[in-house]
C-alpha cells in the first residue's frame, strides 16, 4: 500500500535574533490555519511576526509558509516584504489619518483601472460602505479595525498577520470586536497568525496555539479542548498544552 505523504505545515520556522540583551531563538511547526502566538510582554511575539513579514531580518534560520520558503540564511534566500505575499494588521491599525476610508483601502492598489470597484466591493464586505469619505478620526474602534483588515485583504495576501489587534481597547469593546473579527475571518481561505498576551484571544480565535516565553517557543499544539471550554488563567497556558499532549 502506498504511503501517504504527511501534510505540509502551514508554518515552519527556526529563527534566531539578538537585540541588545534580548535573545530570540524560536523553533515552531504548526499545521493550524488560524494560529495564535501567546505570551507576556517581551516574549518575542511581535519580533517573530515582524520577521515573518520581512520587516526584521533574523540573524540566522529558516522560515516557510505552506512549503514556500520566505527565508533561509543557509541557502542565502530572503524574500523582500513586497514579494512575501503577507498582509499585516498593526496593533494601532496604522491607518493614514489624512486619507479617507476609500483612500486607505486603496493604498497599495496603484492606478489599476479596477481599483475603485475593488475598494467598493471590500467596503461592502467590511460593512464600511457608508464611511468611504470619512477619515480615521471619525471612525469607531471597530470601524477602524474593519478598514485595516480590508486594506490588508485587498493586497490578496497568502498569509494574514495581526499584531495585538485588540490590546489598546477597553475590555467591553475588546470582547465585542473580538467576536466581530472571529465572524469576519471564518470565510477567509488563507492562513492567519495573530499574536497576543490575552488568553481570551486564544480561546475565542485560535485553532492552534504557540506559547512564547523569554524569546523561546515553549510549546505548540492544536487548541486544547479544555482551554476552549473554560476561562483560561491570565498567567500561564502551558499546562493546558502539557495535559493535552
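Listing for the model above:
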item	result
Rounded tilt (10° steps) of 141-154 against the dominant C-alpha axis of the chain	80 degrees
Part-to-part distance (alpha-carbon centres) for the range 96-140 and the range 39-67, which is given in Å	29 Å
Rounded to whole Å, sorted largest first: equivalent-ellipsoid semi-axes of the chain, Cα gyration tensor	30, 22, 18
Degrees, to the nearest 10: 171-185 long Cα axis against longest axis of the chain	90 degrees
Listed peptides 40-51, 119-130 by packing density, highest first (mean Cβ within 10 Å)	40-51, 119-130
Among 73, 14, 140: highest mean-square fluctuation, GNM of the chain, C-alpha pairs under 10 Å	140
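Laboratory data are not the source of any read-out in this text; all were calculated from the coordinates shown. Model, not experiment: these values are computed from the prediction. When we count neighbours, we look across all protein chains shown, and the Cβ atoms used for this are built from the backbone with ideal geometry, even at glycine.
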